[in-house]
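Only one structure is covered here, and it is reproduced in the block below.
What follows is calculated from the coordinates using simple rules that are stated; it is not laboratory data. Everything numeric in this text was worked out from a predicted model, so none of it was measured. Heads up, the Cβs are rebuilt from the backbone with ideal geometry, glycines too, and the neighbour counts pull from every protein chain shown.
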Ligand code: GLC
């Protein structure tokens, strides 16, 4: 084995190029250039360009970040050391130690080992090594099976269509983030490696003390997000790569899908059944069979004879319809999308200049080249007939991209999820690139084109795009689901962990197929899948062709009623989910968070993979085991009220919590106020009953507080009439609790006919709450509970 050739370190610590106004400095190294930059005062950028003549490409950076004015910087240019600093952050080059480090508040947070930190490997790939400390916990990297902590793993950064039967050994999956978040002795920082190229993260797998990033690209470009808290690190990472848009309110409701509802009659029957069963639902999905022979942007006139009227009827009953779109276009000279795309050269080419053809649902297909801005615009416009007919959301699938042989002739040999050839060519406007370089950005640019279909064609409504493939930055355009899972018990717990991990990777709006996609769901399993699924940001039941029906009523009683209660619980928490989505949009904070989110110094909590917080104050511990009679629950610090009984659990403890099939263990932190909305059957309905504010006052917490965002669902929220922020404060003293609620921002009308407060305090027999009715419309009020 030949040893990697390390890139010789600097011969001099004097920059060959330095611009303090733009906050950067560049140094000659044995091969090429090392560039240091402070794009913001808490983000350090370190880049190695061994081949400065090659062009680098990225689709991950949020265009808004590029407008950020450079911070004020200082520098120290010594003979042996160079430092570029801003605020509390410094990047230091140390000629003697041959190292580059990032320092915050005088502590080194990131350091490369002193020799061979950067190398060109025998196969031409490039590596950068950074040191790990023994107790470091490493998170992020996107969608992964197994525990949240990535320490000891080797992770491939390559979006892939993984098999539904995936296990802890399966890697990679569909959603890739070239981002690690490192918790070190309670402090948190992160590193984002900005490159679309296939790469690996060896997170202490080979050498336990070293994290090695190895890329097949031609440079290494890393943004070090200095933290120091998990929230700060994610705020910085999503400042660079972008944050989720405000998705429409209906998309936070319950969603139902199946591959496929085959006819208008079957589809409308599903909607009618939701209403008849009084199970809330906001969205129904049409999978590939609604199309005419799997041709995108068409529908089957026979199976769906009055498509537009059908959509109107469903909308009148409160259902938004989401249709699937795949990037593969059927090779069919009679089909306009194929004709136009061929004529305009909008499809990915073979190296010899012919259009690449492969196999997916429509049989022989070509793949749209989303690297071309003109092809993206074309694609956006292709959505017009669907939008005109009344479709509300678009589901972008198979966009790793992946081929499938199901409808191919029997002699076609494809490996599972096979992608396009590496040497295929993407036009990238006038700067052609290989598919090897574009692959990871394929799903991202497809969802960009889809998102822009909404902003171009339906600017007054919020876009809803759901995607399977994603890379760092995709969160600017799309929600993601985990792709094909299975109706197996292991996939409930794995799904929970996967989605906490996605939240730590910048993807806030995510979920799994409730009930499991592949294989046959069973009644108890569907119940547990639903209880966990209603807590996920995206709440959607979906199943494969040939699998057993698994709509909420599929198995009769007692399951239907228990599933209804779980979905009703989700609808009661809608005000909170709306508010948390706004927080994700503003700060990049995930909607569901690991239980150590506010106390990363607590090592016991860092090991918990199957519980999570919804926002800051609700602890959810869904049951994931077959036949469970109890559930082990780790409580973070604080006092936790059982949402079902108001019994108090003192934090930093572990309990064996008894459960029945109907139990979704939920606990609320003392000191918080949780808004509970009356249950409605879909989000289009007006509330006719008051909003309940449940105020949790603990033994050691005399105060509780809530800041709640609400909006009218407008696409543009610059007008104060489109939103409101409510601040609620409660103070307990001398056996009484005073509550004040105030609209502190925006002039939107209060959505509910009133407010109803419930105070929950520990240590009382019987019902622990004292109830007073209050009705308010936008005025401050104060009530004292005797
Ligand atoms: C893929 C998707 C799945 C969908 C199927 C048919 O397997 O992951 O959700 O149902 O294709 O479109």
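Only bridges with both residues in the chain count here: give the DSSP antiparallel percent, nearest 5.
80
Could you line up 555, 307 from fewest to most neighbouring Cβ atoms inside 10 Å?
So the ranking, lowest neighbour count to highest, is 555, 307.
How much length is gained if the chain between residue 80 and residue 313 is pulled fully straight, taking 0.36 nm per residue apart and subtracting their Cα-Cα distance, in nm to one decimal?
Between residue 80 and residue 313, full extension yields 76.5 nm more.
Which FRET efficiency value, to the nearest 0.05, do you get for residue 135 and residue 16 by plugging their Cβ-Cβ distance into 1/(1 + (r/R0)^6) with R0 = 35 Å?
Efficiency at R0 = 35 Å is approximately 0.35.
Order by neighbour count: 474, 14, 672, fewest other Cβ atoms within 10 Å first, most last.
14, 672, 474
Could you tell me the calculated FRET efficiency between residue 557 and residue 167, based on Cβ-Cβ distance and R0 = 51 angstrom, to the nearest 0.05?
FRET efficiency, residue 557 to residue 167: 0.90.
Can you tell me the FRET efficiency between residue 747 and residue 662 if r is taken as the Cβ-Cβ distance and R0 is 41 Å, rounded to the nearest 0.05?
Given R0 = 41 Å and the Cβ-Cβ separation, E is 0.45.
Using the 10 angstrom Cβ neighbour count as an exposure proxy, how do 629, 624, 342 rank, fewest first?
Result, fewest neighbours first: 629, 342, 624.
Roughly what % of DSSP beta bridges within region 421-571 run antiparallel, to the nearest 5?
20
For region 459-561, just say rounded, prolate or oblate: build the C-alpha gyration tensor, square-root its eigenvalues into a ≥ b ≥ c, call rounded for a/c under 1.5, and beyond that prolate if a/b exceeds b/c, oblate if not.
Verdict is prolate for region 459-561.
I need the shape label for region 74-224. Rule: rounded when a/c is under 1.5, else prolate if a/b > b/c, else oblate, with a, b, c from the alpha carbon gyration tensor.
It is prolate, given that a/c is not under 1.5 and a/b is the larger ratio.
Nearest 5 percent is fine: what portion of the DSSP beta bridges confined to region 346-442 is antiparallel?
100
In percent, how large is the relative contact order of region 32-157, given Cα pairs closer than 8 Å and 6 or more residues apart?
Averaging sequence separation for qualifying contacts and normalising by length gives 13 percent for region 32-157.
So what is the relative contact order for the chain, in percent, with contacts set as C-alpha pairs under 8 Å and at least six apart?
10
Per-residue ellipticity at 222 nm for the chain, helices alone: DSSP H runs ≥ 4 residues times -39500 (n - 2.57), over residue total, nearest 500 deg cm²/dmol?
Estimated from H runs of four or more residues: -5500 deg cm²/dmol.
With the cut-off at 1.5 for a/c, could you classify the chain from its C-alpha gyration tensor as rounded, prolate or oblate?
oblate
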